[in-house]
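The values are calculated or read from the model by the stated rules, or taken from the named source; none is laboratory data. Predicted model only: the values in this text are computed from it and were never measured. Here the Cβ is made from the backbone with ideal geometry for all residues, glycine too, and neighbour counts use every protein chain on show. Quick note on the areas: whole protein, heavy atoms, side chains included, nothing else; ligands and nucleic acids left out. Shrake-Rupley method; radii C 1.70, N 1.55, O 1.52, S 1.80 Å.
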Amino acid sequence: MLDSTGSVTSDIVKLALDTSVLRQTVYASNIANTSSAGFKPSEVSFERQMEMLAKVLTTSDDSQQASLIAGARALFTSGAMITPSADEHVQLDKEVAGVAENYVHYQALITGYGKYLAQLRTAIGGGQ
Amino acid sequence: MAINSIFGISASGMSVEMTRVDVATRNIANSHATRGVDGKSYVPLKVVSTAIAAQNFQSQLAAFANGEIPGAAKIQEIVELNVAPRMVHEPGHPDADAQGNVAYPNVDLLTEMLTLTEASRVYEANVQAFNAAKSMAMRTLDIGGHK
């Protein structure tokens, strides 16, 4: 339902975009510190992200959804989304591949969100 | 989430790798310098870099206050390598000691060349990350646009 412009779709897309930017930041940081002595690479935990999304998506109660999204947002500021990578050293190929993949993901999100907004536009225009 | 901090992080990585190339070039250029400013032979240098660590919000704020970007790389110090000079018997050399030995800087060309190659590869990877972030930032402007 397109009940309001503040619907859960927008919130979830925002979360996903933020996760994508956070992931890009972590990749950039790993690459920048490739030659820093004793540096251990980090990554954005995919499991945490899925856990977070699954909770939001399985609830249909609006107020509960809002608090779950607020909780997910708090994960960002506390840095809980960032976990140490299993690798001991930065692997450049892996990081650069991650950058490329994340970029495509980000594009897909924006394209998808654009389609959602286009639907809204159609609804507002009365299907004209 | 600020995409801008990615630019800073990648730029810091590029700057560190550039310094590494600078220092390696300096070492190679001076591999036969028997007389430095202090009269001694040139000592090869090495760049030591570290990460500006900040995984939680509090230390991120502190890092920002210091003008540092959390997650960026920075040069800790540029140290003189603790290696003995390469002694070559050249009695006619103006810098020869009493035994006719000349102290040449112990520059390991193989290591320096490896540093050069590795630094330029990492520099390229930083450029890739930078460009991806730039494209992402540009793509954000398309949100809600007519397609």
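Which condition breaks for residue A:40 when tested against (1) of a type outside the set (Val, Ile, Thr); (2) in contact with a helix residue (DSSP H, G or I) (Cβ under 9 Å, 6 or more places away or on another chain); (3) not in a helix (DSSP H, G or I)?
(2) is the only condition that residue A:40 fails.
So, in region B:66-105, how many residues would count as being without any contact (Cβ under 8 Å) to a residue 60 or more places away in the chain and among the small types (Gly, Ala, Ser)?
Qualifying residue count, region B:66-105: 6.
Return the residues of region B:1-46 that are open to solvent by 40 Å² or more (accessible area, probe 1.4 Å), of a type in the set (Val, Ile, Thr) and part of a loop (DSSP other than H, G, I, E, B); say none if nothing qualifies.
B:37, B:43, listed by residue number.
Quick one: is residue A:18 farther than 21 Å from residue B:8 by Cα, open to solvent by less than 40 Å² (accessible area, probe 1.4 Å), modelled with pLDDT of 85 or more and acidic (Asp, Glu)?
no
Rundown of residues vs (1) under 13 Å from the mean Cα position of the chain (by Cα); (2) aromatic (Phe, Trp, Tyr); (3) away from chain B (no Cβ under 11 Å), yes/no style:
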| site | (1), (2), (3) |
| --- | --- |
| A:17 | yes, no, no |
| A:20 | yes, no, no |
| A:60 | no, no, yes |
| A:89 | no, no, yes |
| A:103 | yes, yes, no |
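Answer with yes or no whether residue A:37 is aliphatic (A, V, I, L, M), open to solvent by 70 Å² or more (accessible area, probe 1.4 Å), within 13 Å of chain B (Cβ to nearest Cβ) and within 30 Å of residue B:120 (Cβ to Cβ). Walk me through it before giving the result.
Working: aliphatic (A, V, I, L, M): yes; open to solvent by 70 Å² or more (accessible area, probe 1.4 Å): yes; within 13 Å of chain B (Cβ to nearest Cβ): yes; within 30 Å of residue B:120 (Cβ to Cβ): yes.
Spelling it out, residue A:37 is indeed aliphatic (A, V, I, L, M), open to solvent by 70 Å² or more (accessible area, probe 1.4 Å), within 13 Å of chain B (Cβ to nearest Cβ) and within 30 Å of residue B:120 (Cβ to Cβ).
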